[in-house]
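Below is one structure, written out as structure tokens; the observations come after it.
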Amino acid sequence: MANRYDLVIFDFDGTLADSLTWFRGALADVVDKHGLAPIGEEKAESLRGLTPKAIMDELDIPAWKIPFIAADVRARAAENIDKIHLFDGIRDLVEALSDRGVELAVVSSNGETAVRAVLGEPLASRFGQFACGAALFGKASIFRKVIRRANTTPDRTLCIGDEVRDIDAAREAGCHAGAVEWGFATPDILAAQDPHYLFRRPSEITDSLSIEARRRSGG
């Protein structure tokens, strides 16, 4: 059966790997270091149902601080690789897509060293491109570069992430957007953005590569 997409671009944190569990443990220290207001567990959970702009407004984070906070979190992740693990089903998913001849890429604000370490080299070798260290809100332009390197087109590319900003970036780049329910953002806030696909489990993603499955969904 022919593949619907030539290229699948994955976000990493919250999509391939469960970084959120680790980050919750580091959150208090990050907040204190960057002079932010304390974030309790209840408030942290409520943030999952907000858009990126609403999150920044709620936490009163000035835009100029974002790159510094992101760099700090990236460095901490690199030091805590042993505490970050792939979600169940991701290994099978990556191998299945790769075996079907789909090119795979990771576009992430996390560092490539950390991403490769969590994946493990056998699984990392299944990916043709790693575009890591990306700005939190600069993914669309990186998607376009990855697509050009893969020698394909946006309409033959599926971008998969766990946040509203991932859907926005895919739309801006002209790609199809897939959102996963097991990451940071809640299913409700993701569904409200009208992605092409909303996946409940990794095993559902392989279906999106089938032309017949795409036709059955009315797309």
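Scanning region 99-118 for residues that are within 14 Å of the chain's Cα centre (by Cα), of a type in the set (A, V, I, L, M) and closer than 17 Å to SER19 by Cα yields VAL106, VAL107, VAL115.
The set of residues in region 24-62 that are among the aliphatic types (A, V, I, L, M), outside any helix (DSSP H, G or I), at pLDDT 75 or above and closer than 20 Å to ARG165 by Cα contains only ILE61.
Give ILE142, ILE167 a once-over and let me know the one that is over 22 Å from ASP18 (Cα atoms), under 14 Å from the mean Cα position of the chain (by Cα) and in the same structural domain as ALA192 (by TED's automatic domain parsing). When all the criteria are applied, what remains is ILE142.
Kindly evaluate ARG91 against the criterion of being surrounded by fewer than 22 Cβ atoms within 10 Å (Cβ to Cβ), among the basic types (Lys, Arg) and farther than 22 Å from ARG200 by Cα.
No, not satisfied.
I'd like to know if region 43-66 contains one or more residues that are surrounded by 14 or more Cβ atoms within 10 Å (Cβ to Cβ), without any contact (Cβ under 8 Å) to a residue 60 or more places away in the chain, closer than 22 Å to THR186 by Cβ and polar (S, T, N, Q). Yes, because at least one residue in region 43-66 is surrounded by 14 or more Cβ atoms within 10 Å (Cβ to Cβ), without any contact (Cβ under 8 Å) to a residue 60 or more places away in the chain, closer than 22 Å to THR186 by Cβ and polar (S, T, N, Q).
Filtering region 100-154 down to residues that are touching a residue at least 24 places away in the same chain (Cβ under 8 Å) and basic (Lys, Arg), which residue is farthest from ILE69 (Cα to Cα)? By that ranking, first place goes to ARG100.
Of the numbered criteria (1) in contact (Cβ under 8 Å) with a residue 60 or more places away in the chain; (2) under 18 Å from PHE87 (Cα atoms), the one ASN3 fails is (2).
The values are calculated or read from the model by the stated rules, or taken from the named source; none is laboratory data. The structure presented is a predicted model; accordingly, all values stated were derived computationally and were not measured. Here Cβ is always computed from backbone atoms with ideal geometry, including for glycine, and neighbour counts include all displayed protein chains.
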